[in-house]
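To keep things clear, I will list the structure first and then write my remarks on it.
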Amino acid sequence: MAASPTIRVQNEDFHLQTEIDRLVAGRTDIGAVVTFSGLCRDDGGSLNALELEHYPGMAEAEMRRIAELAIARFSLQGLTAIHRFGKIAPGENIVLVIAASRHRQAAFDGANFVMDFLKTAAPFWKKEHLADGSTGGWVSAKDADDKARDKWR
Amino acid sequence: MKVKLVYFAWVRERIDKPEEEIELPDAVVTAGDLLRHLKTLGDGYEAALQYPEVIRVAVNQEHVDHDEPIAGAREIGIFPPMTGG
């Protein structure tokens, strides 16, 4: 039976080790765990915070669809994907993907695949709040992200 | 057909409401038709949908292409390209 992914969309922070422990608890079949976490950066001091908006319901559903594709494609033993929303300061976590498999390549590829699709298909949007107090506007989607996704086709 | 529309990010800001229920004319068949129809509803809609080709549409919380029919939709999400992760 295919592994069932853990998907969460939440305002609060997450803790990497706690989530890894949850994924591998009681398991003896997992040989590789790859963890990706995305953080808010301050872009040389100009950024005060990112505001993450999401489409409640669809965000979780789309993350689950992506996760299930990854599990099937890479025969993953386990997958956790957590995305935060709300106001996030530089240095704070935004997103977490943990992929577990028998051997390392599937876990690396699975985490990479999930992130590429999460960035281009999961309904989240970032708005910048700048250090000078102004609103920097909405972050534009990048062609490079579409190209990264298309390499999996 | 009466349908609930939900807007996000700068589409929401320009239309100036997060959601609404509207009655669609029979001529609106596809997601692309819907965007063209909404664009005629006022300045905010015109500003939000100025470049409809970049706008994403989700029917019942699943992505659809602009040429796909929206018949039977309960909820249609309209939003810019996504920038999460």
Whole-Å distance linking the alpha carbon centroid of the stretch A:16-94 with that of the stretch B:1-47 is 32 Å
Most positive-pole-ward Cα, A:GLY57, A:THR6, A:THR28, against dipole of chain A from beta carbon charges
A:THR28
Report which residues of the stretch A:128-153 become buried by 30 Å² or more of accessible surface when going from the isolated chain to the complete set of protein chains (1.4 Å probe; DNA, RNA and ligands ignored).
A:TRP138, A:ALA141
Given a 1.4 Å probe, how much area per residue of chain B is accessible, in Å²?
49 Å²
Enumerate the amide H contacts of A:ALA49 below 5 Å, restricted to partners 5 or more residues apart or on another chain; note that Pro and chain-start residues carry no placed amide H.
A:HIS129
Label-point separation in nm, B:LYS17 to A:SER75, each point 7 Å along Cα→Cβ:
5.3 nm
Carbon plus sulfur fraction of accessible area for the protein assembly as shown, probe 1.4 Å, in percent:
49 percent
Estimated translational D of chain A in µm²/s (Stokes, Kirkwood radius over Cα pairs; 37 °C; 0.692 mPa s):
204 µm²/s
With all protein chains present, calculate the accessible area of A:MET63 using a 1.4 Å probe and round the result to the nearest 10 Å².
10 Å²
What accessible surface, in Å², does a 1.4 Å probe find on A:SER75, ignoring ligands, DNA and RNA and rounding to the nearest 10?
70 Å²
Taking only Cα atoms of the stretch B:2-79, what ratio of Rg to Rh do you get with Rh as the Kirkwood inverse-distance radius?
0.91
With a 1.4 Å probe and all protein chains kept in place, how much accessible area does B:LEU41 have, in Å² rounded to the nearest 10?
80 Å²
In Å², what does the accessible area per residue of the stretch A:1-56 work out to with a 1.4 Å probe?
60 Å²
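The values are calculated or read from the model by the stated rules, or taken from the named source; none is laboratory data. Everything numeric in this text was worked out from a predicted model, so none of it was measured. Note: ideal-geometry Cβ built from the backbone for every residue, glycine included; neighbour counts use all protein chains shown. Heads up: the accessible areas ignore ligands, DNA and RNA and are worked out on the full protein's heavy atoms, side chains in. Shrake-Rupley method; radii C 1.70, N 1.55, O 1.52, S 1.80 Å.
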